[in-house]
Amino acid sequence: MSDDLRAAVAAGALGSEDSYRALLQSIVEVARASSVFLFDEPSDELVFEAVAGEGAGDLVGQRFPSSTGIAGWVLVTRQPLVVEELENDPRFAREAAESTGFVPKGIMAVPLLYEDNALGVLEVLDRPANAAFSLAEMELLGLFANEAAIALDLLQKARAARAVLESEGGEAEAVARFVSLLADAEPERKEAALRLLKALEELLRER
């Protein structure tokens, strides 16, 4: 069994991608009118991974260059940013905002950092009744960002693991599904299952 395949099986990756995306979606819904962007390093783009608010369904999956607008600035500098009047800020990419169907007046954004890696950006747009962003809200957004960064890291790992499993074929995929079920198994069944898994690993190693 290759190291990549071993890591993929250990991750129990099959089915986990949806749960991580659901976690991201729950975070943006609690934050309201917000978005999580994933930094896709190979393409050097930011990708909408979770969106709450008007037109959310149409935005997930949309991409733009990683240097674009406020999100791009926050990603590159790894610094949080609050802008109350976006129209007066030269970092604001109005055309990019218009392409999403919503042009905010104010924005609060924080980088999603995990183990020294910049994984993406979490943004919150505007406030009810034109109220200014508060320090307490910024601190709360930082807590949301910590959770979002963890979920984003797991999502990336799940996708990488899934790619490995798909390249290895159906047998490896079956083993990964098997591993993912072990977490809920009773102790006696788990011990027997682990013995079977060890035998399967030895069989794959001989191929």
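Read-outs throughout are calculated quantities, based only on the coordinates presented, and are distinct from any laboratory measurement. The structure presented is a predicted model; accordingly, all values stated were derived computationally and were not measured. Cβ: placed from backbone, ideal geometry, glycine included. Neighbour counts: every protein chain shown.
Treating each Cα of region 35-88 as an identical point scatterer and ignoring solvent, apply the Debye formula and state log10 I(q)/I(0) at q = 0.15, 0.19, 0.24 Å⁻¹. Debye curve over Cα of region 35-88, log10 I(q)/I(0) at q = 0.15, 0.19, 0.24 Å⁻¹: -0.46, -0.72, -1.01.
If you average 1/r over every pair of different alpha-carbon atoms in region 17-157 and take one over that average, what Kirkwood value in Å do you get? All intermediate terms of the calculation are to be shown ahead of the outcome.
Numbers: mean 1/r = 0.0678 Å⁻¹.
After inverting the mean inverse Cα-Cα distance, the result is 14.8 Å.
With the simple spin-label model, which puts each label point 7 Å out from Cα in the Cβ direction, the residue 44 to residue 30 separation comes to 3.6 nm. Of the peptides 116-125, 86-95, 41-50, the order by per-residue mean of other Cβ atoms within 10 Å, starting with the highest, comes out as 116-125, 41-50, 86-95. Mind checking the full-extension length gain between residue 95 and residue 139? Use 0.36 nm per residue of separation minus the Cα-Cα distance, one decimal, nm. Separation in residues times 0.36 nm, less the Cα-Cα distance, equals 12.9 nm.
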